[in-house]
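Asks: Would you mind keeping the following structure in view while I ask a few things?
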Amino acid sequence: MKVFMLGWEFPPFISGGLGTACYGLTKAISKLGTEIVFVLPRAAQSSHSSHVKMLSAEGYIKTEELSDFQNVRFKAIVSPLRPYIPSQVHGGSEDRRKNNLFSTWHNNPSEHTQIYSHDIYEQVCRYARKAAEIASIEDFDVIHAHDWMTYPAGVEVAHLSGKPLVVHVHSTEFDRSGEHINQAIYDIERHGMHAAERIIAVSNYTKNIIVNRYGISPDKVEVVYNGVESNNGTPIQRLPNKSDKIVLFLGRITMQKGPEYFIAAAKKVLEKINNVKFIMAGEGDMTHRMIEYAAWLGIGHKVFFTRFLRGADVDRAYQMADLYVMPSVSEPFGIAPLEAIKHGVPVLISKQSGIAETLKNALKVDFWDIDQMANKMVAVLKYSPLSRTLSEYGNIETGKFRWEDSAAKVNKIYKEMLACTPVRI
Amino acid sequence: MASVCFYFQVHQPYRLRNYTIFNTDSSYFDDDKNAQICRKVANKCYLPANSLISDLIKKYNGRFKVSYSITGVLLEQLETYAPEVLASFQELAATGCVEFLAETYYHGLSFLYSHNEFIEQIEAHKRTIQRLFVQTPRVFRNTELIYNNQLAELIDRIGGFDVILAEGADHVLGYRSPNFVYSPPKCKHLKLLLKNYRLSDDIAFRFSNRGWSQWPLNADKFAGWVNAVNGCGFVVNLFMDYETFGEHQWEDTGIFNFLRHLPAEILKYPDNNFKTPSEAAAAYDAVDIIDVPYTISWADIERDLSAWLGNPMQHNALAELYRLEEAVKQTKNKDIIRDWRKLQISDHFYYMCTKWFADGDVHKYFNPYDSPYDSYINFMNVLDNLDSRCNGKLIEREDISIDSNKNVLYPV
């Protein structure tokens with residue numbers, strides 16, 4: 001079995017859960033003996049002028065992990081693609097919003113030296129064209145496209161090769177933008193979902209959106225939960241002897257992640273408990289507004305903004321935390337809470353998430369229910385047996401989120417697609 | 001001779017309302033919901049089942065007998081929300097074929113935490129039974145059939161009881177059968193009736209299970225199983241929740257018809273009869289001593305305490321609750337003492353059980369909360385408020401006593 005896989009982020013070049021998911025899933029599928037050609041966009045480096053770059057796995061994978069990826073080959077398409085468009089809240093007219101949106105996109109802080117003048121949809125189309133070029137010289141049985149930016153490429157390759165396409169929905173426009181969706185992105189998603197043979201959704205929560213908002217028959221959509229890398233029995237490390245309790249928000253500070261509900265709840269918690277700090281780790285278009293909001297509520301001295309954290313700093317944040325909160329307005333899955341639990345941190349997650357439908361040992365709340373959110377935050381900080389039970393049982397439960405299981409399900413979907421694909425004459 | 005001994009547990013808790021840490025009032029219970037559930041269960045179970053039992057008693061002219069243990073908290077709720085149910089229980093009491101048992105008034109776990117409270121609650125329950133049913137209970141059953149040697153000794157010390165009911169757990173009985181009368185090690189004049197859990201659960205749990213090889217269960221078949229006891233036992237103790245009839249097993253499963261036809265089928269064999277627990281214990285000698293050093297109950301397959309004391313939250317909630325006992329009682333405030341006692345209802349801790357949480361099953365059916373964590377949080381918030389109320393009252397009382405001292409020292 002050979003898979004032509006289309007993605008747009010992969011560690012270490014990631015900005016969210018998508019890259020983590022692609023990494024875990026690819027590794028596990030590869031271990032099942034399925035061969036993968038993984039096509040990725042990669043930011044242009046000034047010294048390179050070619051549009052398609054062949055890469056050995058070394059470009060992506062640490063040497064010690066190479067054996068895990070021996071069935072995977074990576075192909076990079078030079079492109080400025082970034083998966084998450086920061087939402088624009090202060091936008092004026094539709095046109096201005098659109099322009100803002102693209103300027104923000106292109107002014108991504110980590111790449112501020114590069115200036116792209118291309119329209120994003122042009123980029124998506126170019127990625128599709130280049131992917132098709134790569135496909136023409138590759139041999140494969142199925143096409144697997146991750147999230148909307150690669151759907152046109154998937155559809156194009158499927159059209160040219162006649163091979164079946166599965167699109168993997170890690171998030172939808174409704175998750176990212178609420179009701180104020182970007183019509184063009186919605187159209188791309190919708191077209192990709194309808195053109196695909198099968199659809200993989202990361203949760204029933206996402207499946208419902210696909211069925212209700214994109215007009216897809218439920219039979220066509222398969223739910224495959226994400227996994228989480230096991231910590232292989234390494235003991236949980238905690239930073240001891242803090243004088244204050246710490247409540248952690250870790251994620252992009254954007255509308256989708258519900259940062260304002262976190263701060264509003266923090267305000268209420270501080271009415272009951274004083275020795276507690278709130279840490280907001282992450283970056284996003286709402287960061288400045290959130291700093292102002294905390295100050296306006298008079299709790300600026302209790303809410304700390306770390307900005308974007310990487311690697312060891314992320315681990316440290318988890319190690320310090322007494323509670324992790326994910327107040328997302330709409331979260332297709334939510335790997336971060338599983339990461340938190342792996343660090344021994346109890347979690348409070350919004351019911352508007354995929355993970356809430358399957359994770360039992362977590363506190364759950366509607367993202368808009370500030371009173372309950374604060375109530376549960378106080379409970380974890382105040383009643384230590386609660387925190388102990390959540391982290392102990394939660395840790396055991398994370399064992400059920402195995403990439404091996406996800407990969408087996410995906411592999412089964414590949415086989416089913418092949419079994420019912422008509423032979424082209 | 002095989003005697004069938006029916007004991008029905010009749011209980012509904014006071015469920016808590018949603019109470020956050022930001023609430024400061026002292027109304028902890030969801031009166032609307034409790035009233036609603038009480039009336040619903042009254043209509044589906046208590047009223048039709050009582051009427052059926054009454055018919056059967058009349059029909060068999062005193063040969064059909066049953067016993068009930070009705071918790072104090074349910075009796076209160078019935079008085080308020082469904083007085084007609086209470087009246088029908090009183091009518092049953094008047095037939096002379098119905099025995100009422102004693103238990104802790106608040107259906108709690110006080111035996112495990114405070115013997116003083118345990119004794120006070122049994123007394124309170126006994127008084128209530130006397131008042132409502134004009135009977136003095138001689139049979140004791142502890143909450144959820146929680147039992148060990150120490151319980152028997154305590155009941156012996158309290159006095160006034162001849163019989164204790166307990167679970168016929170395999171690990172306690174060993175090779176022995178639950179169909180005999182036993183006694184505890186140190187109190188030989190007390191007798192133990194042990195639940196025949198196979199036959200009891202055939203009715204209570206498996207009756208409507210279509211996956212069960214014996215489905216459908218009819219009275220004829222069941223009476224055959226009971227009759228098979230003849231020759232190696234005297235008494236078949238069928239202990240179950242009364243809500244089995246019409247609430248756990250809905251009417252359309254045929255559960256009422258089953259009960260309607262059971263006495264005739266049992267009595268078809270001339271050796272058989274029905275006995276109340278007191279009669280059964282009086283009729284048969286104890287054949288052996290049952291030693292129960294570890295605590296047993298009738299819950300789940302473990303038959304132990306793990307449904308109420310299986311995780312750190314449950315241990316903590318119970319320990320904190322009983323830690324307040326002294327302060328609560330010192331306030332001498334009726335409302336505070338009553339609220340504290342209502343918090344002892346074992347259901348609150350059952351809701352916190354994480355044991356079968358992953359699978360979600362019988363616990364889920366009885367659970368008003370989405371998760372054990374939510375129930376713990378809610379309970380602890382209420383307890384936190386009760387704690388503050390206690391402190392408030394105690395400080396007030398101190399102020400008063402200081403003031404009164406002043407008056408003595410400096411008379412006007």
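Asks: For the stretch A:294-399, which fully contained strands (runs of 3 or more DSSP E) count at least 1 residues that are at pLDDT 95 or above, of a type in the set (Phe, Trp, Tyr) and at negative phi?
Replies: Because the criterion is at least 1 residues that are at pLDDT 95 or above, of a type in the set (Phe, Trp, Tyr) and at negative phi, the strands (runs of 3 or more DSSP E) in the stretch A:294-399 that meet it are A:303-307, A:323-326.
Asks: Here's a follow-up. So, in the stretch B:339-356, how many residues would count as being in a loop (DSSP other than H, G, I, E, B) and over 15 Å from residue B:142 (Cβ atoms)?
Replies: 7
Asks: If you take just the strands (runs of 3 or more DSSP E) that sit entirely in the stretch B:84-183, which of them hold at least 2 residues that are out of contact with any Asp or Glu (no Cβ under 7 Å at 6 or more places or on another chain), assigned by TED's automatic domain parsing to the domain that holds residue B:7 and β-branched (Val, Ile, Thr)?
Replies: Filter on the stretch B:84-183 gives B:163-167.
Asks: Pick from A:419, A:407: which is of a type outside the set (Ser, Thr, Tyr), away from chain B (no Cβ under 13 Å) and crowded, with 21+ Cβ neighbours inside 10 Å?
Replies: A:407
Asks: Can you go through A:318, A:261, A:225 and tell me which one is surrounded by 14 or more Cβ atoms within 10 Å (Cβ to Cβ), touching a Pro at 6+ places or on another chain (Cβ under 9 Å) and within 28 Å of residue A:388 (Cβ to Cβ)?
Replies: A:261
Asks: Could we say that residue A:201 is in contact with a strand residue (DSSP E or B) (Cβ under 8 Å, 6 or more places away or on another chain), modelled with pLDDT of 95 or more and surrounded by fewer than 20 Cβ atoms within 10 Å (Cβ to Cβ) here?
Replies: Criteria not met by residue A:201.
Asks: Within the group B:52, B:74, which residue is over 20 Å from the mean Cα position of the chain (by Cα) and either in a loop (DSSP other than H, G, I, E, B) or of a type outside the set (Gly, Ala, Ser) (or both)?
Replies: Just one listed residue meets the conditions, B:52.
Asks: Counting just the residues of the stretch A:255-277 that are out of contact with any Phe, Trp or Tyr (no Cβ under 8 Å at 6 or more places or on another chain) and not in a helix (DSSP H, G or I), which one comes out farthest from the other protein chains (Cβ to nearest Cβ)?
Replies: Only one residue tops the list, namely A:275.
Asks: If you check A:389, A:398, which single one turns out to be β-branched (Val, Ile, Thr) and touching a Pro at 6+ places or on another chain (Cβ under 9 Å)?
Replies: A:389
Asks: Which residues, counting only those in the stretch A:364-388, are of a type in the set (Val, Ile, Thr), more than 9 Å from chain B (Cβ to nearest Cβ) and surrounded by 24 or more Cβ atoms within 10 Å (Cβ to Cβ)?
Replies: Of everything in the stretch A:364-388, just one residue is of a type in the set (Val, Ile, Thr), more than 9 Å from chain B (Cβ to nearest Cβ) and surrounded by 24 or more Cβ atoms within 10 Å (Cβ to Cβ), namely A:365.
Asks: Suppose we filter B:124, B:169 for residues that are within 18 Å of residue B:296 (Cα to Cα), touching a residue at least 12 places away in the same chain (Cβ under 8 Å) and small (Gly, Ala, Ser); which single one remains?
Replies: Unique residue meeting the criteria: B:169.
Asks: Go through (1) within 14 Å of chain A (Cβ to nearest Cβ); (2) in a helix (DSSP H, G or I) one by one and return the number of the condition residue B:36 breaks.
Replies: Looking at each condition in turn, residue B:36 falls short on (1).
Asks: Cβ-Cβ under 6 Å, sequence separation 6+ or interchain: first residue in the stretch A:215-236 and within 17 Å of residue A:345 (Cβ to Cβ), partner charged (D, E, K, R) and at pLDDT below 95. Which pairs?
Replies: A:231/A:342
Asks: So, one more: Hey, any hits in the stretch A:273-280 for a residue that's buried (at least 21 other Cβ atoms within 10 Å of the Cβ), touching a Pro at 6+ places or on another chain (Cβ under 8 Å), assigned by TED's automatic domain parsing to the domain that holds residue A:372 and farther than 25 Å from residue A:146 by Cβ?
Replies: Checked against the condition, which is being buried (at least 21 other Cβ atoms within 10 Å of the Cβ), touching a Pro at 6+ places or on another chain (Cβ under 8 Å), assigned by TED's automatic domain parsing to the domain that holds residue A:372 and farther than 25 Å from residue A:146 by Cβ, the stretch A:273-280 yields at least one hit.
Asks: State all residues of the stretch B:12-33 that are within 14 Å of chain A (Cβ to nearest Cβ) and either of a type in the set (Lys, Arg) or over 12 Å from residue B:342 (Cβ atoms) (or both); if no residue qualifies, say none.
Replies: Selection gives B:17, B:18, B:19, B:20, B:21, B:22, B:23, B:24.
Asks: Also, quick follow-up: Kindly evaluate residue A:324 against the criterion of being in contact with a helix residue (DSSP H, G or I) (Cβ under 8 Å, 6 or more places away or on another chain), aromatic (Phe, Trp, Tyr) and surrounded by fewer than 19 Cβ atoms within 10 Å (Cβ to Cβ).
Replies: Taking the combined requirement at face value, the residue does not satisfy it.
Asks: Need a quick list: strands (runs of 3 or more DSSP E) entirely within the stretch A:129-212 having at least 2 residues that are hydroxyl-bearing (Ser, Thr, Tyr).
Replies: Output list is empty.
The values are calculated or read from the model by the stated rules, or taken from the named source; none is laboratory data. Because the structure is a prediction, the values reported are computed rather than measured. Positions of Cβ are backbone-derived with ideal geometry, glycine not excepted, and every protein chain shown enters the neighbour counts.
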